[in-house]
1. If you fit an axis through the alpha-carbon atoms of helix 724-753 and take the longest principal axis of the Cα set of the chain, what angle between them do you get, 0 to 90°, nearest 10?
2. Take the Cα gyration tensor of region 27-104, multiply each eigenvalue by 5, square-root it, and list the three semi-axes largest first, rounded to whole angstrom.
3. For a test of the definition: using alpha carbon positions, the gyration tensor, and the 1.5 limit on a/c, classify region 412-552 as rounded, prolate or oblate.
4. Suppose every K and R has +1 on its Cβ and every D and E has -1 on its Cβ; what is the size of the dipole of region 30-146 about the Cα centre, in Debye to the nearest 20?
5. Across region 215-222, in residue order, what do the Karplus-derived ³J(HN,Hα) couplings come to in whole Hz, using 6.51 cos²θ - 1.76 cosθ + 1.60 with θ = phi - 60° and x for Gly and Pro?
6. Could you derive backbone 3J(HN,Hα) for region 683-691 from the dihedral phi with the Karplus parameters 6.51, -1.76 and 1.60 (θ = phi - 60°), listing whole Hz in sequence and x where the residue is Gly or Pro?
7. Could you go through region 533-539 in sequence order and give the Karplus-derived ³J(HN,Hα) for each residue, using 6.51 cos²θ - 1.76 cosθ + 1.60 with θ = phi - 60°, rounded to whole Hz, and x for Gly and Pro?
8. Taking all pairs of distinct Cα atoms, average 1/r, flip it, and tell me the Kirkwood hydrodynamic radius of region 84-127 in Å to one decimal place.
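The values are calculated or read from the model by the stated rules, or taken from the named source; none is laboratory data. Just so it is clear, the model here is predicted, and its values are computed rather than measured. Here the Cβ positions follow ideal geometry from the backbone for every residue, glycine too, while neighbour counts run over all protein chains shown. Remember, those area values only see protein heavy atoms, side chains included, never the ligands or the DNA or RNA. Shrake-Rupley method; radii C 1.70, N 1.55, O 1.52, S 1.80 Å.
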Amino acid sequence: MQDIRFAIRGLRKQPIFAIVAIVTLTLGIGANTAIFSLVYQTLLAPLPYAHADRLVFVWNTYPLTGLPQASVSIPDYLDRRTQAAAIEEATLFTTRSISLVAGGQPEQLRALAVTPSFFATLGRQPMLGRGFTESEATPNADKFVILSYGVWASRFGADRTLVGRDVRLNGEAYRVVGVLPADLTLPSRDIAALVPFAFTPQQMSDEGRGNEFSSMIARLRPGATIEQLDAQMKVIVSRNLERLPQYKSFATTSGFSGIAVDLRQQLVGDLRTPLFVLQAGVLAVLLIACVNVANLLLMRATGRYRELAIRTTLGAGQWRLVRQLVTEAIVLALLGGAGGVMVGILGVRALLGMTSQQLPSTLDGGVHLPVLAFTLGVALLTGLIFGLVPALAVIRGNTSALLKDDSTRGSASRGTSLMRSTLVVAEIALALVLLIGAGLLVRSFAGLQRVDPGFTAENVLTAQLSLPPARYADIPARGAFWQRLMAKAHELPGVSSVGLTSNVPFNGMVSSGSYSIVGYTPPPGQPSPHGRQEVVGGDYFAAMHIPLVKGRLFTDGDTPASAPVVVIDEYLVKKYFTDRDPIGQQIQRGDAAKITIVGVVGTIRAIDLGEPVTKERLYYPVAQIPRASMALVLKTALDPTTLVGQVRSAVQTLDSEQPIAEVRTMDQWVARSLDGRRTPMVLLTLFGAVALLLSAIGIYGVLAFGVAQRVREFGIRQALGADRANILALVLKQGMATAAVGIAIGLVAAAVLTKYLSALLVGVSPHDGAVFAAVPVILLAVAAVACYLPARRATAVDPMIALRET
């Protein structure tokens with residue numbers, strides 16, 4: 001306690017030093033706290049399910065068609081649940097849109113249709129009420145709902161008596177049977193309610209195979225492994241193919257089977273690499289902060305050499321002095337750690353706001369106990385690291401020589417000066433690595449901004465609508481609504497084109513399926529054609545500026561009563577029609593009627609701008625396939641956001657209970673799709689800028705202190721005839737030599753380490769010459785400015801005053 005009190009008194013006497021050191025540590029520790037909080041919650045924290053290590057996602061897989069994970073059909077789910085010995089329990093679920101009328105205003109929400117085994121599989125139960133029973137998961141008797149905690153609290157005032165009463169969903173009365181716990185994270189984002197997943201007899205029959213629109217989670221039996229489950233699913237597939245030989249050819253050429261994926265691995269996805277890169281980046285910033293504070297403490301200790309020497313002579317042992325210096329460093333680190341916790345909390349919330357759609361839905365904005373422990377450990381470790389540097393310098397100091405010196409000031413030994421310079425070299429090298437990494441990400445992101453997606457996003461507004469089956473039960477009713485909606489939207493001011501689509505580009509929804517081309521037989525061992533499937537209507541291609549390459553687009557003559565037609569993209573043409581005209585050719589999906597190709601449009605990138613197109617796209621007219629869920633697409637000469645209220649009003653005039661959702665411009669969809677690449681770029685650039693600033697401060701501090709220590713030397717040099725230009729060059733040479741050594745080491749380190757950025761780079765080499773050339777120049781320029789200021793001060797030394805003070 002005596003050492004701590006002494007340390008606090010010492011910091012009070014030097015408030016500027018204390019503030020600079022604490023702020024530096026606060027930034028370094030806070031950044032580490034924020035990023036580690038994401039790492040912990042994403043990769044390390046226990047998942048909110050019982051025995052989560054036994055939970056797996058189960059997918060269909062078609063590896064030979066380039067589809068490693070596909071949704072699961074109801075027969076596949078039933079087969080695996082009843083025949084795979086490795087499975088203890090399983091659930092099937094699928095997303096649905098529901099309209100909720102509460103307070104008179106309709107609202108579209110996302111729901112999960114789940115099997116009654118949902119809660120048993122996850123090992124959780126509703127907070128209020130109960131789960132679904134088997135009898136409630138029956139077609140036409142499934143009007144039951146379990147509300148999420150958020151909807152229950154925000155829309156219904158957390159009314160506990162709501163359980164057992166009815167709410168109005170999709171225009172019908174649904175009985176509330178439960179409320180989910182607040183901490184239960186569902187395996188899909190932004191879910192407002194659960195409803196029973198009712199299977200029809202046709203869906204459960206062999207006719208339902210291939211109708212894949214659901215997700216499956218299974219709980220493994222104790223001791224069972226993913227490898228065992230994968231093997232058992234292969235056996236199930238083989239058994240089914242013996243019974244259903246008509247599927248054998250397709251299953252063989254596509255490599256069809258089932259595949260299990262660890263639940264955490266599925267939820268994390270591709271986040272591991274950017275998280276580890278960011279964690280490495282903030283650790284580098286923390287090391288640079290430690291180096292700066294160590295240099296500050298070293299300079300402070302150098303100024304106290306005489307004091308420390310006197311204390312040694314009076315009986316204080318060297319280790320006693322070391323303990324005092326280390327205690328002072330740890331006090332600084334703990335104060336920086338306290339500030340780092342606050343910065344970390346703000347940082348986590350900011351990160352979640354920037355990348356909420358790319359992160360697992362299990363994350364929250366709090367700082368958890370293990371993260372606080374991490375912060376405390378980092379603070380203590382950094383305190384030891386930068387505290388030992390001046391302490392070791394003191395141990396090596398010559399106290400007897402200091403006592404014999406009449407000078408009132410201590411001066412740094414050659415070893416101490418070398419140590420300070422070495423520390424600056426280290427932080428320059430670390431800063432260079434960070435800046436090169438940031439430069440590579442910036443070049444990659446800039447390249448993505450120039451990628452042509454194949455459509456025009458400017459001045460396009462989209463809005464999602466899902467028609468409830470109670471009011472739009474058949475094809476004519478849905479088709480009539482879409483036609484009335486497009487006609488109404490055409491009346492809006494500034495609207496030039498109106499279209500519909502089942503898949504807005506970059507909205508995360510992907511619909512794909514196999515098909516055959518009439519007259520084309522795949523080569524032996526090759527799978528059937530497989531492509532993206534999209535339903536569009538109206539002037540969709542005009543609204544998106546997707547060019548017509550050949551043939552025609554859909555017209556009013558393409559009706560349910562006319563021959564089925566399809567428009568394909570250029571990618572499909574290059575893949576299958578290089579030797580013949582595609583117009584007039586036919587495709588077929590399963591045993592359905594043949595569909596005639598009437599047009600070819602340009603290829604678009606609708607999933608990831610950073611990935612090349614690998615699958616063809618087929619467009620079907622909404623008039624012939626009037627889906628219940630579609631997105632309205634408007635091209636306007638005005639700011640599209642000004643039309644949101646008018647679009648909502650137009651929909652309300654057609655159906656007062658019909659809500660709209662996901663109202664965004666296409667520019668917003670494109671920007672949203674780049675969030676996963678933008679955030680690492682922004683953060684690593686920020687870390688690099690902080691590292692550059694700290695490095696400049698480090699260079700300045702070392703040279704400024706050196707100039708102060710060499711006042712007598714500079715006075716003598718001037719007295720002997722040296723001009724100010726010579727002294728300026730002398731100091732600049734010392735500083736720039738230190739910077740050059742750091743840059744050289746940093747270039748070698750960057751050449752080795754940037755290969756780990758490859759997964760985040762698009763169209764840029766990890767050893768991009770432009771970045772590796774530009775960053776050292778920038779760093780040298782900053783170093784030159786940092787060196788010039790103390791060098792200028794050295795030229796201002798008056799030789800008479802300097803000699804008089806010696």
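1. 40 degrees
2. For region 27-104, the ellipsoid semi-axes come out as 33, 23, 17 Å.
3. Values: a/c = 3.29, a/b = 2.17, b/c = 1.52.
It is prolate, given that a/c is not under 1.5 and a/b is the larger ratio.
4. On the way: 8 positive and 9 negative charges, 38 e Å.
The dipole magnitude comes to about 180 debye.
5. 10, 10, 10, 10, 9, 6, 5, x
6. Taking θ as phi minus 60°, the curve returns 5, 5, 5, 4, 4, x, 5, 4, 4 Hz for region 683-691.
7. For region 533-539, the Karplus-derived couplings read 10, 9, 9, 10, x, x, 9 Hz, x marking Gly and Pro.
8. Radius from the Kirkwood sum: 12.7 Å.
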